[in-house]
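S.K.: I'd like to ask you about the structure that follows.
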4 protein chains.
Amino acid sequence: MVYNEKQLAIMEAAEALFAEQGFNGTSVRDIAEKAAVNLAMISYYFGSKEKLLEAIFEYRGEMIKVKLEGIIQHPGATALEKVNLLVDHYIDKIFLQQAFHRVLAREQVLHNNPDISALILKMKKTNQELIAKLIHEGQKKGEFKKNVDIPMMMTTMMGTANFLVTSKHYYKELSNLQSLSEDEFEKHIRKKLNQHLKNIFKNILTNE
Amino acid sequence: MVYNEKQLAIMEAAEALFAEQGFNGTSVRDIAEKAAVNLAMISYYFGSKEKLLEAIFEYRGEMIKVKLEGIIQHPGATALEKVNLLVDHYIDKIFLQQAFHRVLAREQVLHNNPDISALILKMKKTNQELIAKLIHEGQKKGEFKKNVDIPMMMTTMMGTANFLVTSKHYYKELSNLQSLSEDEFEKHIRKKLNQHLKNIFKNILTNE
Amino acid sequence: MVYNEKQLAIMEAAEALFAEQGFNGTSVRDIAEKAAVNLAMISYYFGSKEKLLEAIFEYRGEMIKVKLEGIIQHPGATALEKVNLLVDHYIDKIFLQQAFHRVLAREQVLHNNPDISALILKMKKTNQELIAKLIHEGQKKGEFKKNVDIPMMMTTMMGTANFLVTSKHYYKELSNLQSLSEDEFEKHIRKKLNQHLKNIFKNILTNE
Amino acid sequence: MVYNEKQLAIMEAAEALFAEQGFNGTSVRDIAEKAAVNLAMISYYFGSKEKLLEAIFEYRGEMIKVKLEGIIQHPGATALEKVNLLVDHYIDKIFLQQAFHRVLAREQVLHNNPDISALILKMKKTNQELIAKLIHEGQKKGEFKKNVDIPMMMTTMMGTANFLVTSKHYYKELSNLQSLSEDEFEKHIRKKLNQHLKNIFKNILTNE
DNA sequence: AATGAATGAGAATTCATTCAT
DNA sequence: TATGAATGAATTCTCATTCAT
């Protein structure tokens, strides 16, 4: 699926608004206004508000897949280094596409739309398969322990990162970091999160 | 604040529906029907749909506070044992009040309503202060390491647990556990999560 | 089903507008304006525009049934006299409720709404059964011929009357009666139609 | 007016859809799709949806006129035979062009569009003049009675035939002919209608 | 001659809330 | 205290038509 400029503008505007106000809290009017397109264009291009959401999921899902596929094939790296690379990339991704991950965080709680649920499941499966490959590679080489609960590990990575991104506003106050600028603060928590997750993973994967 | 039976019925119905369909996806008609009260009662008792949500947060926040205060004062237990108790209780709580935690997970992403945001912040602060007390106690006794990133630890506990609860539907499929009944599956993931978090915390708090 | 004043006002307004402009050609806005009620009342009372149409059919169908039941039980009249009475009444009805019969004429051509189709069929069945009763009575007494095609007879009565009512505008010009006032013209065609149908029926029922 | 292939395709598609769903119930999108032409072609060729309807009326009106003119000049036939021929032809026409007659039946009830009304009136006048010619011929020859209500006679022919065609769906059920195939049923009612109308006309025109 | 893209107007419906009782 | 009736505002979506190409 290739999208033209207007379609991309609509998708971006919608993503940002869905992240801020939720799907139901966002009207197609808002989206049209933000994307600076005619109201009717949204139905014209996507059919409905729901279909627009699906298009966003499909689009981002495809992007994520392409990105992750690159990571796994990194040459000349140990399994643990690759896991660390994965953490780096996952954190990069989640911070770069905060809007989309907010939408994802919100929508995965609901199961109103089976098409969206299917897309989310597909995305998660792709992620999981990639990580599983990495872990198994490390286990074969003897780098990692045998019994590793991969789904729970993923849950920790995604859960922690998601929670941090979606509630960073609260985190800032709880850590008394109100003095930092938004950029400084973001840099700070990215670094913290990175170390934190790598620590946890190293422990889970290698400590006896 | 003391609520009468009808008010509690409304709050429970609303909580369940907000968890399922989101705040904006739920109409006061739905709530009135589910709670078997007159449509106008909701405005009458709570003023508005938003105020109803606030009441739910306030109510649940108070319940959580009371519960957690009990935990910290558990006599004759090491700091690590108390931390483990805390994990037990947090997991109990999140599974028992899944509806509320779904609402919380959804609403913390948005910052539309400053009153709600303030309530969430207050709740988080209370939690954090409790854990901080525990950790400092352990540090004083020499049980725990000096440099512990408490907010990040909390983020992992809440993020992982939240993520698991809100996306358990996907977890079931990703782990090929479709054959388990809902109850069996829930028991299974509670146990896994419990071990998983305790492991992580032990490592964070004690390993050098 | 008992309707309150506002509901009746809506139904009357809708009937008139549907007759003039067709169902799809009439907006709920038009109806609300004509009935002098709030726009949302229509959804509130009837659920939707379609359901409103159904309500009209049901209401009129019931009225027709009640009326016709009276005719058949007219005491001390020959079968032919009763048939003539029926013609009188049918013509009265069709002229008095021209709006409804226009709607009926339009909607019976379409089969979009199965509920409406079912209501129309029911109405027609009731009519047919009544006439069949009359004819059979006359046949038993030896007043009428044996082989009478009752559905075709009804088709002629209804078709002719309907066609006249719905296209009286054209009839006026074709008969060069433009000089007559609307009332005079209507009186004129009612009389003509009455004689015409009675003639045809007498011939069908009695001539060998 | 000569139409090219695409124009004819549009008109045919439109006629069929107008017959099924009514004028307002049919969108130009539907027509374009059914006719397999570009959406904008309809405005391009006909100017508007209304003008397209007018074109259909004009086109069919012309066809009817040409056909009927042939009938009247049938050589070596009595006036009654010619009337019978006319009935044959009218029934043929109405069954062959059911779609158009459904549109006609629906639209003659409305008077929204004066151009359409004018076209219908013209069509009816042409028909009427033809029949009047026939009847007067028969009256001159002494075959027919003097006082014949020609407009009412036409009303019966058209009303009965129209009503049968537009409500044949109901007629089938009312006559308990559900077991017949669509073709058999149509053959059956055409025959019935033919005899029925000829009977009525014979009686009107010749009986004293 | 033909069309894909675009749009303003208007459609039906749902919503949270109010108010007289 | 409780509620049925009512409503204004806002919702999503579809429509016939236009226009640059």
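The values are calculated or read from the model by the stated rules, or taken from the named source; none is laboratory data. Small disclaimer: the values here were computed from a predicted structure and weren't measured. Reconstructed Cβ throughout: ideal geometry from the backbone, glycine too, with neighbour counts over all protein chains shown.
S.K.: What helices (runs of 4 or more DSSP H), lying completely within segment B:134-208, carry at least 2 residues that are polar (S, T, N, Q) and surrounded by fewer than 19 Cβ atoms within 10 Å (Cβ to Cβ)?
M.R.: Of the helices (runs of 4 or more DSSP H) lying wholly inside segment B:134-208, those with at least 2 residues that are polar (S, T, N, Q) and surrounded by fewer than 19 Cβ atoms within 10 Å (Cβ to Cβ) span B:182-206.
S.K.: Quick one: in segment A:81-97, which of the residues that are crowded, with 18+ Cβ neighbours inside 10 Å and in contact with a Lys or Arg (Cβ under 9 Å, 6 or more places away or on another chain) is farthest from B:V109 (Cα to Cα)?
M.R.: Our first condition is that a residue be crowded, with 18+ Cβ neighbours inside 10 Å; within segment A:81-97, this holds for A:82-83, A:86-87, A:90-91, A:93-95, A:97.
Restricting the remaining residues to those that are in contact with a Lys or Arg (Cβ under 9 Å, 6 or more places away or on another chain) gives A:83, A:87, A:91, A:93, A:95, A:97.
Values: A:V83: 28, A:V87: 23, A:I91: 18, A:K93: 18, A:F95: 14, A:Q97: 14 Å.
Filtering segment A:81-97 for residues that are crowded, with 18+ Cβ neighbours inside 10 Å and in contact with a Lys or Arg (Cβ under 9 Å, 6 or more places away or on another chain), the one farthest from B:V109 (Cα to Cα) comes out as A:V83.
S.K.: Kindly check whether there is at least one residue in segment A:136-146 that is under 28 Å from A:M63 (Cβ atoms) and within 11 Å of chain B (Cβ to nearest Cβ).
M.R.: no
S.K.: Next up: On the given criteria, is D:V2 more than 16 Å from DNA strand F (Cβ to nearest atom) and under 25 Å from D:T160 (Cβ atoms)?
M.R.: Working: more than 16 Å from DNA strand F (Cβ to nearest atom): yes; under 25 Å from D:T160 (Cβ atoms): no.
When the stated conditions are applied, D:V2 does not pass them.
S.K.: Only one residue in A:H101, A:H89 is modelled with pLDDT of 85 or more, closer than 11 Å to A:L130 by Cβ and touching a helix residue (DSSP H, G or I) at 6+ places or on another chain (Cβ under 9 Å), so which one is that? Lay out the reasoning, then the answer.
M.R.: On the way: A:H101 fails: closer than 11 Å to A:L130 by Cβ.
Exactly one of A:H101, A:H89 is modelled with pLDDT of 85 or more, closer than 11 Å to A:L130 by Cβ and touching a helix residue (DSSP H, G or I) at 6+ places or on another chain (Cβ under 9 Å), namely A:H89.
S.K.: Something else: Taking into account only those residues within segment D:13-52 that are more than 12 Å from every other protein chain (Cβ to nearest Cβ), away from DNA strand F (no atom under 11 Å from the Cβ) and under 21 Å from D:N113 (Cβ atoms), which is surrounded by the most Cβ atoms within 10 Å (Cβ to Cβ)?
M.R.: Ranking the qualifying residues of segment D:13-52, first place goes to D:E15.
S.K.: For segment D:112-133, which residues satisfy the criterion of being over 19 Å from the mean Cα position of the chain (by Cα) and assigned to a helix (DSSP H, G or I)?
M.R.: Within segment D:112-133, D:P114, D:K133 meet the criteria.
S.K.: Yes or no: segment A:63-83 includes at least one residue that is over 25 Å from A:I94 (Cβ atoms), of a type in the set (K, R) and either within 16 Å of DNA strand F (Cβ to nearest atom) or in contact (Cβ under 8 Å) with a residue 60 or more places away in the chain (or both). Break it down into steps so the answer makes sense when it comes.
M.R.: We begin by selecting, within segment A:63-83, every residue over 25 Å from A:I94 (Cβ atoms); these are A:75-76.
When the remaining residues are screened for being of a type in the set (K, R), the result is none.
No, that holds for no residue.
S.K.: If you check A:A132 against the conditions, is it at pLDDT 90 or above and in contact with a helix residue (DSSP H, G or I) (Cβ under 9 Å, 6 or more places away or on another chain)?
M.R.: Against the criterion (at pLDDT 90 or above and in contact with a helix residue (DSSP H, G or I) (Cβ under 9 Å, 6 or more places away or on another chain)), A:A132 does not qualify.
S.K.: Another question about this same structure. Can you tell me how many residues in segment B:1-12 are touching a residue at least 12 places away in the same chain (Cβ under 8 Å) and either of a type in the set (D, E) or within 14 Å of another protein chain (Cβ to nearest Cβ) (or both)? Reasoning before the result, please.
M.R.: Of segment B:1-12, the ones touching a residue at least 12 places away in the same chain (Cβ under 8 Å) are B:1, B:3, B:6-7, B:9-12.
Cutting the leftovers down to either of a type in the set (D, E) or within 14 Å of another protein chain (Cβ to nearest Cβ) (or both) gives us B:12.
Residues in segment B:1-12 being touching a residue at least 12 places away in the same chain (Cβ under 8 Å) and either of a type in the set (D, E) or within 14 Å of another protein chain (Cβ to nearest Cβ) (or both): 1 in total.
S.K.: On to the next question. Could you check segment D:17-39 and list, in sequence order, the residues that are of a type outside the set (V, I, T) and under 22 Å from the mean Cα position of the chain (by Cα)?
M.R.: D:L17, D:F18, D:A19, D:E20, D:Q21, D:G22, D:F23, D:N24, D:G25
S.K.: How many of the residues making up segment D:148-174 are more than 7 Å from every other protein chain (Cβ to nearest Cβ) and not small (G, A, S)?
M.R.: The number of residues fulfilling the criteria is 8.
S.K.: Could you check segment A:113-125 and list, in sequence order, the residues that are out of contact with any Gly (no Cβ under 7 Å at 6 or more places or on another chain) and surrounded by 15 or more Cβ atoms within 10 Å (Cβ to Cβ)?
M.R.: A:N113, A:I116, A:S117, A:I120, A:L121, A:K124
S.K.: Need a quick list: helices (runs of 4 or more DSSP H) entirely within segment D:1-104 having at least 2 residues that are more than 15 Å from DNA strand E (Cβ to nearest atom) and not small (G, A, S).
M.R.: Working: elements: D:5-21, D:28-35, D:39-46, D:49-72, D:79-96.
Because the criterion is at least 2 residues that are more than 15 Å from DNA strand E (Cβ to nearest atom) and not small (G, A, S), the helices (runs of 4 or more DSSP H) in segment D:1-104 that meet it are D:5-21, D:49-72, D:79-96.
S.K.: Moving to a separate point now. All but one of (1) out of contact with any Lys or Arg (no Cβ under 9 Å at 6 or more places or on another chain); (2) facing chain C (nearest Cβ under 7 Å); (3) within 26 Å of C:K124 (Cβ to Cβ); (4) of a type outside the set (F, W, Y) hold for D:N112; which doesn't?
M.R.: (3)
S.K.: May I ask you to list the residues in segment A:153-188 that are in contact (Cβ under 8 Å) with a residue 12 or more places away in the chain and aromatic (F, W, Y)?
M.R.: A:Y171, A:F185
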